[in-house]
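Undergrad: Take a look at the following structure, please.
The values are calculated or read from the model by the stated rules, or taken from the named source; none is laboratory data. This structure is a prediction, so every number in the text was calculated from the model and none was measured. FYI the Cβ positions are ideal-geometry reconstructions off the backbone, even for glycines, and counts take in every protein chain you see.
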Amino acid sequence: MMKEHDMPVPDAELLRRYARHGDKSALEELLARHIDMLSRIARRTTRNDSDADDAVQSALVRIMKSADQYRGGEGTGAWMAKIVVTECHNLIKKAVRRRRREDTWSSAPERMDEAGSEHDGDTAEIARRTAAAVENLPERYRLPVWLHHYEGLTFRDIARALSISESAARTQASRGVAMARQALARTGTPVATASLVALFGTLPAEGASSALKRSVGPIVESGGTKGLSPTAAGLADQSRSAVWLKPVLAASLVASAGGIIVGARLWQPLQRPVVLDPVARSEPTPVAGHDYRWDFHSAESARDFLTVVGEWEFVPHVGRNGTGSMETRTDLFSVMLDVPISVLPVKVTWRIAWSGTQAEADFTSVWSWASYRYAFHFFGLSDVHDRIANPPPDGFSRWYERTAYVSEDFLYEEYEGRRHRILYAPRTGESRLRLYVRGRSRIDQIVLRSISPQELPDVSAYVNAARAIPSEWRDGRRVPLPEIKPGKHHSLVEVAYEPGR
């Protein structure tokens, strides 16, 4: 059993300890957790490794000075990311740096074109080309794509980090993916949207430089006066001056005639109006791909389902429309859907009714990949009980509608429109889908169809939380996730790691 002192301290609590009590060890632990992410964001913004380190060091000083201003509402990671992006923009304004940055990255498209001429289908190579395509996007598209699909930030947190609206964050990420696909297609590497998104999970881990990591301790211990590069020190001084001048100038402006409006507006960050792309703004269009349906009008309807555990049989004159359904004959039952699923994501819907003849009317039915590289199982998310209220004593319950959204990496299930289950489990090869059922039941009207990525629920917060679990805790134990909102009937969300199968 996990002891309380073994549980990870939430990010917000570490920041609170520093802001209220000056606990430098808490701040250092918080920064150590996020330094790799902050470095990656800085590199995506400045497009220069040296500039990125300078911007992050300056941002660390601002984080220390602004810790008491954090009020929640977004994750601490997103809050720190916003500070890093701001410092990057301050650095980019210097013309001498801008020229070096353009010279450093000007050959990137040519490098990608040369790589694209050798289309060998290797996943690692395609992932490298994908990363190059994203690197060459304009910043307004590059950062939302990277923050959402690699860093795992929600669109709400991205909006706050980049000082844009949530709808703009979603639109720019979608448009950025489309632009990256077009760039890849021009180099002879056509990639489907779902595959491109999935490739982010195969990119090698990109950490902060050793010099940047070594500087965190001295910066924290000295209160931001030591451990900084000359450029970072100058940038930090500039930021300190801006912080000090802001209330002074604002107060004087407010005191002047007609200055109330000016004082309220002058120090708001300037940003360009967001122009929504018509294609990205439109509703998802029908997706070409899979469109399977099983109505179980006869026993022949179940030929695509291979029984793995238990037994089931066709029962005529029942089902949602009275035309028949499949009925399980064992308390534990599992079948594998023996049809190829090459176009992802897909949406699976099915109807299920539960038997009331059992003493314990406690049931469940879930989908999973038959094989996966590893899995993170989440507990405490469901907004509904699988237990059926007032089960019929000698028959079956009413029909319940279930839905599963399936991508290459995760499965998100709903119980009559309410969140029920999330499984983060990257698929292995061309693995088939498998249905697990606990409790005697009748199953009818299974429909599987391809959908667009825009129709998938946003599970980035869950994936991000799972990825943050230290390797030494990935031993099957349940790790609490206090930052994730629990389901209606639960008090805490937990996650457990399972090796691949």
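Undergrad: State which residue is surrounded by the most Cβ atoms within 10 Å (Cβ to Cβ) when the search covers only segment 150-160 and only residues that are more than 13 Å from Met37 (Cα to Cα) and touching a residue at least 12 places away in the same chain (Cβ under 8 Å).
TA: This residue is Ile158.
Undergrad: On to the next question. Could you run through segment 193-214 and say how many residues are surrounded by 15 or more Cβ atoms within 10 Å (Cβ to Cβ) and either assigned by TED's automatic domain parsing to the domain that holds Ala468 or in contact with a helix residue (DSSP H, G or I) (Cβ under 8 Å, 6 or more places away or on another chain) (or both)?
TA: 11
Undergrad: One residue is enough: does segment 25-33 have a residue meeting the conditions surrounded by fewer than 23 Cβ atoms within 10 Å (Cβ to Cβ) and either in contact with a Cys (Cβ under 8 Å, 6 or more places away or on another chain) or closer than 24 Å to Phe200 by Cβ (or both)?
TA: Yes, there is a match, as at least one residue in segment 25-33 is surrounded by fewer than 23 Cβ atoms within 10 Å (Cβ to Cβ) and either in contact with a Cys (Cβ under 8 Å, 6 or more places away or on another chain) or closer than 24 Å to Phe200 by Cβ (or both).
Undergrad: Follow-up. Test of understanding: among Ile469, Ile484, Ile446, which residue is under 14 Å from the mean Cα position of the chain (by Cα) and of a type outside the set (D, E, K, R)? Full working, then the answer.
TA: Values: Ile469 fails: under 14 Å from the mean Cα position of the chain (by Cα); Ile446 fails: under 14 Å from the mean Cα position of the chain (by Cα).
Sole residue among the options that is under 14 Å from the mean Cα position of the chain (by Cα) and of a type outside the set (D, E, K, R): Ile484.
Undergrad: To continue, here is another question. Go through Ala55, Ala26, Ala67 for me and flag whichever is in the same structural domain as Thr86 (by TED's automatic domain parsing), touching an Asp or Glu at 6+ places or on another chain (Cβ under 6 Å) and touching a residue at least 12 places away in the same chain (Cβ under 8 Å).
TA: Among Ala55, Ala26, Ala67, only Ala55 is in the same structural domain as Thr86 (by TED's automatic domain parsing), touching an Asp or Glu at 6+ places or on another chain (Cβ under 6 Å) and touching a residue at least 12 places away in the same chain (Cβ under 8 Å).
Undergrad: In the set Arg71, Arg140, which member is part of a loop (DSSP other than H, G, I, E, B), surrounded by fewer than 21 Cβ atoms within 10 Å (Cβ to Cβ), modelled with pLDDT of 65 or more and under 29 Å from the mean Cα position of the chain (by Cα)? Let's see the steps before the verdict.
TA: Values: Arg140 fails: part of a loop (DSSP other than H, G, I, E, B).
On inspection, the qualifying residue turns out to be Arg71.
Undergrad: Another one. Going by what's in this entry, would Ser382 be described as within 20 Å of Asp291 (Cα to Cα) and part of a loop (DSSP other than H, G, I, E, B)? Step through it out loud before you land on a result.
TA: Details: within 20 Å of Asp291 (Cα to Cα): no; part of a loop (DSSP other than H, G, I, E, B): yes.
Here the answer is no, as Ser382 does not meet what is asked.
Undergrad: Continuing with the same structure: Provide a single number: the residues in segment 405-439 that are surrounded by fewer than 20 Cβ atoms within 10 Å (Cβ to Cβ), closer than 22 Å to Ile352 by Cα and not aromatic (Phe, Trp, Tyr).
TA: Qualifying residue count for the region: 8.
Each row is one residue, and each column tells you yes or no for (1) of a type in the set (Gly, Ala, Ser); (2) at pLDDT 70 or above; (3) not assigned by TED's automatic domain parsing to the domain that holds Ile341.
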site	(1), (2), (3)
Pro273	no, no, yes
Leu276	no, no, yes
Ala280	yes, no, yes
Ala299	yes, yes, no
Arg303	no, yes, no
Leu306	no, yes, no
Gly310	yes, yes, no
Arg320	no, yes, no
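Undergrad: Would you call Pro345 within 34 Å of the chain's Cα centre (by Cα) and modelled with pLDDT under 85? Walk me through how you get there before you give the answer.
TA: Values: within 34 Å of the chain's Cα centre (by Cα): yes; modelled with pLDDT under 85: no.
Considered against the rule, which asks whether it is within 34 Å of the chain's Cα centre (by Cα) and modelled with pLDDT under 85, Pro345 comes out as no.
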